[in-house]
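Undergrad: Provided herewith is a single structure, encoded as structure tokens, for subsequent inquiry.
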Amino acid sequence: TDIEVVSTRLKKILLAAVLAALFISAVFAFLAAFIITRPVNRIHAAAMELSRGNYDKKISGPGNDEIGDLAKAFNHMAEQIKLKVEEITSQSARFKAVLLSMSDGVVVVDKKENILLINDALKKIFPVTGDAFGKKPLEVVRNVEVQEIAESLLAGRESHIKKEISRILPEEKTVIVHGTPVVRDGNIEGAVMVFHDITEIRRLETVRRDFVANVSHELRTPASNIKGFAETLAAGALNDREHAAEFVKIIEENSDRLVRLIEDLLSLSRIESGKAPLDLKKCPVRDIIEKLEKETAKQAELKKIKFEKILPSNEIYIKADESMIFQALFNLADNAVKYTHENGHVKVTAREIKGSVEIEVSDDGPGIPEEHLERIFERFYRVDKSRSRETGSTGLGLSIVKHIAEEHGGSVRVESVFGKGSSFFLILPQF
Ligand code: ADP
């Protein structure tokens, strides 16, 4: 019985001891687990933040054990990633800025001819609509030649392509394409094509060519007339009193025309070159128009044309180079007198319009057919070529007026009803 009592007590003690040992070890195990897993959890949380793009997240106070080393390595890695991401972001921003500020269009394709990138300037050259990404150049720019250039570059047939291409619709454009393959480790990874719009350059070349042709043509007629009649005189017509005088008159008229042409050409080139700076001053409009009346009086009287001027009661001034503005107004008034029939009317009106002065030169002459109005200020443009030549005109007068107006920061426009008369409006900055 005693042994059983002792044994039972011992069992109880043993059980209590086992339970106590289990409890204590559970507490220790929990503490140990907490101490080890806490920094691991912190590393995990920081890694999650990093994956979300928060590169500033750091693991604070890493210890000196293995987990502490891991935390330090993690912090270093985060720092490096941050630096690299910043570098890539700034590089990409610079690249984007360059691409956007370029006036030339750019297309970058991958090796499967799919577009990776285009810039805004390209949209000014080709009517690109929608998202170009992943499409073929042909689908986006709708030009077979561009597609062929891309294919040729990607096939490695050429290391650089320079080609002039034309686009007809919706408006005609001439473009120079420069294409280069993107090569990495000897493999073609894609291609870059740069588009330079040379439409304006080509247009100016045509204008210049036409101008030279026009000038030569205009000079040739009076020059060959002078030569022809001088030769006729030399060949014996000098003795033919009656005809000789007529021939000399023709020579004189043609020489005048040559001189006028050369003077007009010189004026035009002087104004266009911008080499003669404007002598801008406060000019009273009244004085200029009175001088205009005097200068045109003789011609007007010959054709019995009535010259009328309408000025506001107050004195108005323009900021202008007086001699140039006089030349412009003289060209307008001279045309009005020249093209208006006998007993006609020429009227010069000056008015103030919102900080500008408008000087209108109108006549009740033949007027200008509507289809010519748009081109009337072009050099050598004449409505009725044969009649203009008779009047000894050069076809440069209105072009000079336009240049003078624009040089002054002003403008000129025309309104005309065919058969009823014309009005030219010269608008200049008010002083
Ligand atoms: P031009 O030396 O031939 O007069 P302009 O450049 O001054 O050259 O004028 C161009 C053309 O415009 C003229 O040839 C003429 O046909 C037309 N034109 C200009 N002014 C008038 C006007 N007041 N009335 C009718 N036609 C005009």
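Undergrad: May I ask for the percentage of alpha-carbon pairs in the stretch 341-431 that lie more than 19 Å from each other? Numbers along the way, then the final one.
TA: Details: 1824 of 4095 pairs.
Every Cα pair in the stretch 341-431 considered, those over 19 Å come to 45 percent.
Undergrad: Are there any helices in the chain, counted as whole DSSP H runs, that stretch 18 Å or more along their axis by Cα and score at least -0.5 on average by Kyte-Doolittle, and if so which?
TA: On the way: long enough: 2-51 (71 Å, 1.27); 66-101 (52 Å, -0.03); 199-234 (51 Å, -0.41); 241-273 (48 Å, -0.24); 285-302 (26 Å, -0.75); 322-339 (25 Å, 0.32).
Once both thresholds are applied, what remains is 2-51, 66-101, 199-234, 241-273, 322-339.
Undergrad: Once the other residues with Cβ under 12 Å from the Cβ of residue 430 are scored (Lys, Arg +1; Asp, Glu -1), what is the net sum?
TA: On the way: positive: 282, 319, 351, 354; negative: 315, 352, 358.
Spelling it out: positives minus negatives among the neighbours equals +1.
Undergrad: Another question about this same structure. What length, rounded to one decimal in nm, is gained on full extension from residue 7 through to residue 253, with 0.36 nm per residue of separation minus their alpha-carbon distance? Can you show the working numbers first?
TA: Details: separation 246, 0.36 × 246 = 88.56 nm, distance 15.31 nm.
Gain on extension, residue 7 to residue 253, equals 73.3 nm.
Undergrad: Okay, next question. What residue among 307, 43, 222 has its Cα farthest toward the positive end of the dipole of the chain, where the charges are +1 on Lys, Arg and -1 on Asp, Glu, each on the Cβ?
TA: Of the options given, the answer is 43.
Undergrad: Leaving out ligands, DNA and RNA, and with a 1.4 Å probe, what % of the accessible surface on the chain is carbon or sulfur?
TA: Numbers: 15140 of 26510 Å².
With neighbouring chains kept in place, the figure for the chain is 57 percent.
Undergrad: Could I ask something else about it? Given Cα pairs under 8 Å that are at least 6 residues apart, what percent is the relative contact order of the chain? Don't jump to the answer; show the numbers that get you there.
TA: Numbers: 590 pairs, mean separation 37.1, N = 431.
Computed value for the chain: 9 percent relative contact order.
Undergrad: On to the next question. Give the relative contact order (percent, whole number) for the stretch 234-340; include only Cα pairs under 8 Å separated by 6+ residues.
TA: 30 percent
Undergrad: Multiply the residue gap between residue 275 and residue 244 by 0.36 nm, knock off their C-alpha separation, and tell me the result in nm, one decimal place.
TA: Details: separation 31, 0.36 × 31 = 11.16 nm, distance 4.46 nm.
That works out to 6.7 nm of additional length.
Undergrad: Now a separate question. Normalised by the residues of the stretch 71-220, what does the relative contact order come to in percent, with Cα pairs under 8 Å and at least six apart? Don't jump to the answer; show the numbers that get you there.
TA: Numbers: 207 pairs, mean separation 28.0, N = 150.
Relative contact order for the stretch 71-220 comes out at 19 percent.
Undergrad: Still on this structure, I have one more. Please find, in a Gaussian network model of the chain (springs between Cα atoms separated by less than 10 Å), the residue of 408, 243, 178 whose mean-square fluctuation is greatest.
TA: 243
Undergrad: What are the aspartates and glutamates whose alpha-carbon lies under 18 Å from the alpha-carbon of residue 11, with same-chain residues fewer than 8 places away excluded?
TA: Straight-line reach from residue 11, under 18 Å: 2.
Undergrad: Simple spin-label model, 7 Å along Cα-to-Cβ: residue 235 to residue 293 in nm?
TA: Placing both labels 7 Å beyond Cα along the Cβ direction yields 5.3 nm.
Undergrad: Something else now. Give me the distance in nm between label points sitting 7 Å out from Cα along the Cα-to-Cβ direction at residue 204 and residue 378, one decimal.
TA: It is 1.9 nm.
Undergrad: Let me ask another. For the stretch 177-314, just say rounded, prolate or oblate: build the C-alpha gyration tensor, square-root its eigenvalues into a ≥ b ≥ c, call rounded for a/c under 1.5, and beyond that prolate if a/b exceeds b/c, oblate if not. Write down the numbers at each step before the final one.
TA: Numbers: a/c = 4.60, a/b = 1.59, b/c = 2.89.
Here the stretch 177-314 falls in the oblate category.
Undergrad: May I ask you to evaluate 6.51 cos²θ - 1.76 cosθ + 1.60, the Karplus curve with θ = phi - 60°, for each residue of the stretch 130-142 and list the ³J(HN,Hα) values in order in whole Hz, giving x for glycine and proline?
TA: x, 7, 8, 4, x, 8, 7, x, 4, 5, 8, 9, 6
Undergrad: So what is the 222 nm mean residue ellipticity for the chain from helices alone, if each DSSP H run of at least 4 adds -39500 (n - 2.57) and you divide by all residues, rounding to the nearest 500 deg cm²/dmol?
TA: Working: 12 runs with 234 residues, N = 431.
Mean residue ellipticity at 222 nm (helix-derived): -18500 deg cm²/dmol.
Undergrad: If you average over every viewing direction, what projected area does the convex hull of the Cα atoms of the stretch 237-301 give, in nm²?
TA: Numbers: hull surface 29.8 nm².
The orientation-averaged projected area of the Cα hull of the stretch 237-301 comes to 7.4 nm².
Undergrad: GNM on the chain, C-alpha springs below 10 Å: top fluctuator among 225, 75, 187?
TA: Result: 75 has the largest fluctuation of those listed.
Undergrad: Follow-up. How much length is gained on full extension from residue 155 to residue 306, taking 0.36 nm per residue of separation minus their Cα-Cα distance? Let's see the in-between values first.
TA: On the way: separation 151, 0.36 × 151 = 54.36 nm, distance 7.75 nm.
Going from the current span to full extension adds 46.6 nm.
Undergrad: Who wins for biggest fluctuation among 401, 383, 40 in a Gaussian network model of the chain, springs between alpha carbons below 10 Å?
TA: Judging by the Gaussian network model, the answer is 40.
Undergrad: In nm, to one decimal, how far is the residue 64 label point from the residue 163 one, both placed 7 Å along Cα→Cβ?
TA: Between residue 64 and residue 163, the label points sit 7.1 nm apart.
The values are calculated or read from the model by the stated rules, or taken from the named source; none is laboratory data. Everything numeric here is computed off the predicted structure, so don't read it as measured data. Backbone-built Cβ (ideal geometry, glycine too); neighbour counts: all protein chains shown. Accessible surface areas use protein heavy atoms only, side chains included; no ligands, DNA or RNA. Shrake-Rupley method; radii C 1.70, N 1.55, O 1.52, S 1.80 Å.
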